[in-house]
1. How many residues are closer than 19 Å to F385 by Cβ and in a helix (DSSP H, G or I) if we restrict to the stretch 142-183?
2. Under 7 Å between Cβ atoms, which residue pairs at least 6 apart in sequence (or on different chains) link something in the stretch 108-121 that is in the same structural domain as H333 (by TED's automatic domain parsing) and within 9 Å of A319 (Cα to Cα) with a partner that is part of a strand (DSSP E or B) and not small (G, A, S)?
3. Hey, can you tell me all the residues within the stretch 371-389 that are crowded, with 21+ Cβ neighbours inside 10 Å and of a type in the set (A, V, I, L, M, F, W, C)?
4. Can you list the strands (runs of 3 or more DSSP E) found entirely within the stretch 188-239 that contain at least 3 residues being under 17 Å from V259 (Cα atoms)?
5. Is the stretch 125-136 home to any residue that is modelled with pLDDT of 85 or more, outside the structural domain of E296 (by TED's automatic domain parsing), β-branched (V, I, T) and not in a helix (DSSP H, G or I)?
6. Out of the residues in the stretch 213-248 meeting the condition of being over 12 Å from R280 (Cα atoms) and among the polar types (S, T, N, Q), tell me which one is farthest from the chain's Cα centre (by Cα).
7. Return yes or no: is F91 surrounded by 22 or more Cβ atoms within 10 Å (Cβ to Cβ), of a type in the set (F, W, Y) and modelled with pLDDT of 75 or more?
8. Output the qualifying pairs, or none if there are none: Cβ atoms under 7 angstrom, residues six or more apart or on different chains, first residue in the stretch 35-52 and more than 16 Å from M176 (Cα to Cα) and surrounded by fewer than 24 Cβ atoms within 10 Å (Cβ to Cβ), second residue at pLDDT below 95 and aromatic (F, W, Y).
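The values are calculated or read from the model by the stated rules, or taken from the named source; none is laboratory data. Small disclaimer: the values here were computed from a predicted structure and weren't measured. Don't worry about glycine lacking a Cβ; one is built from the backbone with ideal geometry, like all the others, and counts go over all protein chains shown.
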Amino acid sequence: MDSLNIANVEFCLDVFKELNSNNLGDNVFFSPLSLLYALSMILLGARGNSAQQMEKVLHFNHIAESSGPEFKDSAKCSQTGRIHSELGALFSQINQPNSNYTLSIANRLYGTKAMAFHQQYLKCSEELYQASLQTADFEQSVEEARKTINAWVESKTDGKVTNLFEKGTLDASCVMVLVNAIYFKGQWQNKFQERDTVKSRFQLRKGKSVTVEMMYQTGKFKLALIEEPQMQVLELPYVNNTLSMIILLPVDMADLDQVEKQLNAKTFHEWTSPSNMVEREVEVHLPRFKLEIKYELNSLLKSLGMTDIFNEVKADLSAISPAKGLFVSKIIHKSYVEVNEEGTEATAATGDSLVVKRLPIRAQFLANHPFLFFIRHIHTNAILFCGKVALP
C-alpha cells in the first residue's frame with residue numbers, strides 16, 4: 001500500500017496548491033481520496049495517451065501495470081491492473097462497517113443514452129469501485145437528468161450535499177458526467193464541552209479580525225514544534241483512534257505562506273511522523289467551523305496535465321465504449337465539513353530542523369488565525385480530506 005499512499009499524498013498536495021492559488025485568501029476544502037477513487041474509475045476505461053496522462057497526474061506512473069491489460073484479454077476484473085485492486089482494498093480498510101464514524105463516498109458515471117458501453121467495463125467498475133454507470137437522457141431531458149443526479153447524491157450524503165449540479169450546468173452536449181461526493185461524520189476521542197466554548201477573535205489577513213465560537217479543552221495530545229517554518233502540528237484523534245485530524249498552525253499568521261511553500265509529500269511526512277509527534281498536555285483552542293465548497297475540476301486537472309480525456313478528438317476511453325467521440329464533459333466535486341464540540345461532520349524540512357523544545361508543562365495551541373488541516377486514516381496514512389481555514 002506504500003506506493004498508493006504516496007500517490008494519495010502527492011495528488012492531494014498538487015490539488016491543494018492549485019485550489020489555493022486560484023482562491024487566494026479563501027477557505028479550501030476537498031477530498032483527495034474521493035477524487036482519486038472517482039478518477040480511477042475513468043482510468044479503468046482509458047487507454048493510450050489518455051491513460052498515461054491520468055497515471056502521471058494521479059502519481060500512479062511509478063506503480064507497475066497501473067491501468068493493466070485490455071479488458072478483452074481477461075474476463076477477471078482482478079486482472080485489470082494492480083492499482084485498481086489496491087484502491088479497492090484501501091477503501092474497504094477505511095470504510096469498515098460498524099465503526100464509530102460514517103464515511104460515504106458517492107461515485108457514479110452518467111453516460112448519454114445515445115452511447116453503448118462495454119459490458120466488461122460496467123461489470124468491473126461495479127465490482128472494483130461499487131459504482132454503476134447509469135444512462136441519462138442529456139439530449140432530450142437534461143433537466144430531468146440533472147434532478148435525478150442531484151437526488152441520488154443527496155441520498156448518499158445524508159442530505160448534506162445538495163444541488164450538486166445547478167440549473168444550466170448540464171446541457172444536451174453532455175456525453176459523460178462523473179459524479180463524486182463524500183460525506184464523513186466522526187466523534188472526537190476527547191470531546192470539547194459546549195460550556196467551555198466562548199466568543200473570541202480570529203485574525204484574518206491585513207489586520208482584520210472576526211468573532212468566532214472558540215472551543216476549548218485541555219488533554220493529552222500529540223504535538224510537534226517545527227523550527228522551520230515555525231509552526232505547531234497537533235493531532236486530534238476521533239473515537240477508536242481510526243481517524244485523526246492533523247492541524248498545521250503557523251506561529252505567526254504571516255507564516256502560513258511559508259508553510260504552504262514548503263509543503264510537499266516529504267515535508268508532510270516528516271512534520272507528522274510519529275518520532276516528532278510527542279504526546280503531552282496541551283491546551284487546545286479551536287474554532288468551530290463549517291465549510292461547504294464545490295469545484296468544477298476540468299480546468300484544474302488540465303493544468304496538472306490531464307488534458308486528453310476532456311477533448312472530444314483526443315480522448316481515448318475505448319475500454320468504456322466502442323463508440324467514437326466519448327470524452328468527459330464535466331467533473332464536479334463537492335464536499336462538506338463541520339467541526340464542532342462533538343466531532344467532525346464532513347462530506348474533502350529536514351530531520352535536524354525539527355526540534356522538540358523544552359516548554360512549560362502545558363503547551364498552548366491557539367488556532368486564532370488561518371491554518372491547514374487534514375483528516376487521515378491512521379493505519380494506512382491515507383488522507384481523506386484536506387483543507388485551509390482562512391475564515392471560519
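1. The number of residues fulfilling the criteria is 2.
2. That search, which allows pairs on different chains as well, returns F117/L133.
3. Answer for the stretch 371-389, where residues must be crowded, with 21+ Cβ neighbours inside 10 Å and of a type in the set (A, V, I, L, M, F, W, C): F371, L372, F373, F374, I375, A382, I383, L384, F385, C386, V389.
4. Values: elements: 198-203, 209-226, 231-237.
Those strands (runs of 3 or more DSSP E) span 209-226, 231-237.
5. For the stretch 125-136, residues modelled with pLDDT of 85 or more, outside the structural domain of E296 (by TED's automatic domain parsing), β-branched (V, I, T) and not in a helix (DSSP H, G or I): absent.
6. Within the stretch 213-248, the match that is farthest from the chain's Cα centre (by Cα) is Q217.
7. Numbers: surrounded by 22 or more Cβ atoms within 10 Å (Cβ to Cβ): no; of a type in the set (F, W, Y): yes; modelled with pLDDT of 75 or more: yes.
Here the answer is no, as F91 does not meet what is asked.
8. Y37/F91; Y37/Y129
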